[in-house]
Structure formats: structure tokens, C-alpha cells
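Taking it in order: structure first as C-alpha cells, then the write-up.
A short reminder: the numbers here are calculations on the coordinates, not readings from a lab. If you're wondering where the values come from, they're calculated on a predicted model, not measured in any experiment. Glycine gets a Cβ as well: all are built from the backbone with ideal geometry, and neighbour counts include every protein chain shown.
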Amino acid sequence: MSDKLNIEQLVKTKLGEAELSPSPGSWSAIQRKLRWPQFLRFHPARFNVYYAGVLLLVATGLVVVLAGGKNKVEPAGPGDHTNIIVPIEQDNSDTKGESVDQTGGNLNDENVQPDTAVSREQGEVESASGNQNGTSGINGQEEKSLEALKNTEPVEVISPDLSTEEVIERSPVTNFTSSVSTGCAPLTVQFTNKSVNATAYHWDFGNGESSREENPVHEFREPGRYVVTLTAENQGGVPTVSRMMVEVLETPVADFQIEEGLTGVDNHVVLNLVNYSSEASAFAWNIVDEDCVNCNNWSSIEHQPTLELKTITPDSRSVRLEVINENGCSDTVLQPLPLEVQTSDTRIKFATAFSPNPSGPGDGSFTLGSKRIDLFHPIYIEVPVQIHMRVYTRRGELIFETHELFRGWDGYVLHEPAKSGVYVWMVEGKWTDGTSFSYHGDVTLLRNQYF
Amino acid sequence: MKSEKEILTGCVRGKQSAQWELYNRYSRLLLAICNRYAKSMDEAEDILQEGFVKIFLNISEFKGDGPLMAWMRRIMINTAITHYHKMLKHRYHDDLDEVSESRFEDKDWGEAEFTEEELMSVIQQMPEGYRHVFNLYAMEGYKHREIAEILKIDENTSKSQYSRARRWLQERLIRLKEERTKRDE
């Protein structure tokens, strides 16, 4: 136990991970508070106000159809809207008079005069939205503006007590939401302006950058906590401000290189994956194949794994490293496996390494479209009419030569296995159009237990 | 045991069982956080309930690109601060409770000197202006500029409140120790 804590460290170590059990009533209180807001929000999987609205419409329609048999239905004029609203206000003196947009709109569109039973039902919906006060919204500003929004809109219809707050009525109501509030750097955030009554906006992203767009998209490149401030203005009112915190978490950087090396055990060639990643706490390595990602079985979570050549199949294209840090932020990088070179001509390419069949020499033949790991041969994208391939040791001794189009070197010299190492090759030939080509390079012979 | 992902999907669908799982898993940690911002356990529970309502209503906004706990924690802190601003109007202001300036300098503390409960109750007794600045700065790692914006106070006020909060806290802890030795004698 340390005796050298300052006051911050003391409080943090003692209370940082502290837990407290909520009282048994807490859960049911939350559910009680959730019931109306959840009902008022649209969700396809839940019964909510929109479904209730649809039911109401169907019921209204039915009533109209039934009543229509006896009485002629008069098309509703503009005055009928007040006919719908006013009795409700009288019947339910405790409601604030705000109506749920969609329900109310739908009812008006129907152009019918609902009977009293229906209008009472609507009144219940309205008082429900009154109960919603102060329970929705991700931050305080949103709540306040929601309340203000409710207070300003129906002012012309009723609520004489609200007319005293004339300035508030004329001032814009600032409010906005963001697509995300926490995320990994660089974090792109779409801000959605929900301000009412405003004509001009100013956004301060808290990182020295700003915007005058209505719904800006902003990229936070550096990790940190930013207070985003929206100021909304209009003519005649006082500018109002709304704030929100955006937290940008640090993202690790994935980086590595593939280096050829030898194992200490039996001196065969392996690929060392040298890790240069920063700010990462966990690593996941994979081999990525040509057509499918992760279809190769090899994977590792070591910091610097070694890749055995036998795990590389002819389809293997690159090694992928995904790193992650404590924030849950990740980064991925791909490095191609250094196994073949494209020549300047896209019609032919060559492998940079091959691994002969240890069980003995073969006839060296291959087929078009194949890429053999146990042979050194040209990889044809287009088949030439003539070829002349020669392989030399590094000291310049010719050890293999062929004029056959589909024959490669199997790694044997006079039925004896050639040593591991680098060999130099030269290939000359002619394409069908009559042009000739000449390439040279080197190839590494890797002798290990590949098969 | 359900995975966090399953719980999240359930919560987005508004499933009560998933909401319960989330609540059951995190409410204790979150209540301890709320408690640091509240004057009493009752107020802390109010904040917790309000915060969970927000969490459940806005869970679809959580994109999963950061840790869930960090997201919920921030909602709780936002709720606590909103709560504080709302209550400010109705509440007796005790922030003027001054601290004697000269009694001691910064001190080192032993981890075992106080229990969790003792520290918690001392923090709860802290004048509110101090407490929020102290929580946001020392516990959450916000900067004074950010605290000033969150609490709608001046940046310098945040700094001076913070140093007063430290002094207040240390003085209380010294007093607590003195009382304890007196009792033991």
C-alpha cells in the first residue's frame, strides 16, 4: 500500500471503481418513466403512438362509413380544425395544447368531422405528450429546447399565460443532435440542426474550427474532448446557444514489415513479421487470399509472429495486421507477401521465391494459369510464341536452360538438390505480335519442409 | 450470460429483458458515479433513473465505435450537470462556505487511511460548486476550459473553485483523522 498519494490519487484509487447498489424501486421507476416516451417514439417492433394513430384513423374511417349511410358527410372547411381542437382544450384543462404532429396532421387530412368519442381519444394522446416533459433528449439543452418548442408553437391557439414571455417567443430555440458522440479518431460527425425560429447559425467545434452551415459534417482528427457550440440567431430575438460534448478517442496505428529470416532450429527460411505499430494493445494477424478474406487458416495474436512458408498457399496474397487499443479503436494494414514480381510488361510475371519438392526432381512442366510453388517458371498472362529461359548461380554458372514454353526449373541440378539461396535468371522470347522481350532478375530458393 | 452486443440489439428493439440486463450490469458502477455529483443518495438515484431513461431512448445512437461504458458514463454526467443546473434555482446556495487559507500545505495520503464510505460521504458533503469542478477535473479528466463550458462558469472560476475544493477536501480529511485519534484515546 502506498503512502504517497496526493488528494486526487487518493480519491481516484478509492472511488474510481466504486459500486453502489440502487434501491429496489429504481428499476420500476425507470420503466415507469420510459413508458410514455417509448410509446411516443416510432419503432417498427413496438406498439407506439404512430400505430395508435393508424388505428385511430381506421376507427374514424369506419365511423364515417357507418354514419355516411344515414347522414351526408360535409367536407370540412378550415374552421373545422378549430372545432377539433377547441373542445379538447375545454375537456382537458390540464393539457398544454401541443399536438403530436403526425397524428394531428393525419386527422386533418382526412377532412372529416370526428364524433366526440374520437376527439376524446385524441385528447388522451395529447396529454400523454405533456407527460413526456423532461424525459427525452440526450442532454439538458435538448430538453430545454423541447420544452420551449412545445411552449412556442401553440401560442396563437391558446395559453394566454405564455404571452408574457414575448422575448422567448421571438428568440430562436437552439437545438441539435449528432450522429455520434464518442468515437475513434479521425471521427466524422454529422450534426443535425433541430433549431426552431432561426435564420443564421454559427457552429464552434471546440477545436478552433467553425462553420456557418445549417447541418455541418465535421471531422475531428485529434483525440480529445470537444464542446461543440451551436449559436442560432434571427431578427428581433436574442441569439441562443446549445452545447454538446464530443469525445474523440485515440486510434492506434498499425504498421509492420515482412523480413526474411532463419529459424534457430533447423535453419530454414521463415518470414518475420516485424511490428512497428504504435499505441496498440492487442494484435491480430491474418493471411489474406486472393478471393477471400481470412479464408486461410493461419492467424496469430502475438506481437511479432513468425510466418512459416508452409502456411503460405499459392493463393496467399498479403498479410493483414489489425491492432486495437483499450478504447476499442482499431486500425488495419496490409502488406503484400513478397512472392512474385510483376514485370514492366503486364503479359508475364515471375515469382521471387520457390520451394522445391524435397522428395526428388520432377519433369518441371506446368500449365497455363497455374502458379507452382515448387517450380521456378514464368507466369504467363499471355502466352508467347518463343521462350528462352536460363538460371545461373550467383557466381555465373549456368545450371538450367530451356526453350520449352511450359517447363520450369524444379530446383535440382543433375538430380541433386540445389542449395538454398539466391539464383539469377534471364528470360528472352517473342510475343505473337512479333515483338521480342527480355527480362532478368533473381529468385530465392527456399529449401524447407514445404510439402 | 448474454454478450454486450446481444443486449444492445435487444435494447435498440426496446426489449425490457435486454434493458434489465444492461441495467443490472452497469447500474451499480453508474450509481457510484452519480453519487459523486449528488447531494444525497436520493438525488443520485433520481439522476441514475433519468440517465437510464435517456440511455434506453437513445441507445440506437450508440454506434459501438467506442466503449459502451464511456458513452453511458457521459450521459450520466451530462444528466447530473443538467440536474444541478435545474436544481440551482430552488436550492440554498452553500458555495460561499469559505475555507481557511493558511492551515496547511499539500499533503500526502495513505491509501488505507480512509474507507470508501468515508471518502464518499466527505465528497457528498462538499459544497456543490466545488464538488462538480472536482469531479470533472480529478475524476473525469476534463480540462478547466471544458469544465467552464459544461458548468457555464468562467475558466478562472473553475481553477479557483478547484483549488478551494482540494483544500476543503484535505481539511475535512485531516479533521476526520483527528476525530478518530481522539475517539481512540
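Note on chain B: semi-axes of the ellipsoid equivalent to its C-alpha gyration tensor, largest first and rounded to whole Å, are 34, 20, 15. Checking the a/c ratio against 1.5 first, then a/b against b/c, what shape does the Cα gyration tensor give for segment B:107-174? Verdict is prolate for segment B:107-174.
Panel order for A:ILE287, A:ILE324, by other beta carbons found within 10 Å of each beta carbon, from fewest to most: A:ILE324, A:ILE287. Across segment A:348-445, the relative contact order, built from alpha-carbon pairs under 8 Å that are at least six residues apart, equals 31 percent. Here the peptides B:50-57, A:11-18, B:107-114 are ranked by packing, the mean other Cβ count within 10 Å, and the order with the highest first is B:50-57, A:11-18, B:107-114.
Put in line by how crowded their Cβ is, counting other Cβ atoms within 10 Å and starting with the fewest, A:MET389, B:MET139 read B:MET139, A:MET389. For segment A:367-449, trypsin sites (Lys or Arg not before Pro) are listed when DSSP marks them as loop and at most 15 other Cβ atoms sit within 10 Å of their Cβ; the list is A:LYS371, A:ARG394, A:ARG395, A:LYS419. Peptide B:58-68 shows a mean partner chain C-beta count of 5 within 10 Å per residue C-beta.
The order of B:HIS83, A:HIS415, going from fewest to most other C-beta atoms within 10 Å of their C-beta, is A:HIS415, B:HIS83.
Note on A:21-29: average number of Cβ atoms from other chains within 10 Å of each residue's Cβ is 5. Pairs from the table (A:LYS194/B:LYS86; B:LYS15/B:LYS152; A:LYS194/B:LYS159; A:LYS33/B:LYS152; A:LYS14/B:LYS182) lying more than 32 angstrom apart at Cα are B:LYS15/B:LYS152; A:LYS194/B:LYS159. Over the C-alpha atoms of segment A:348-445, the Rg to Rh ratio, Rh being the Kirkwood estimate, stands at 0.95.
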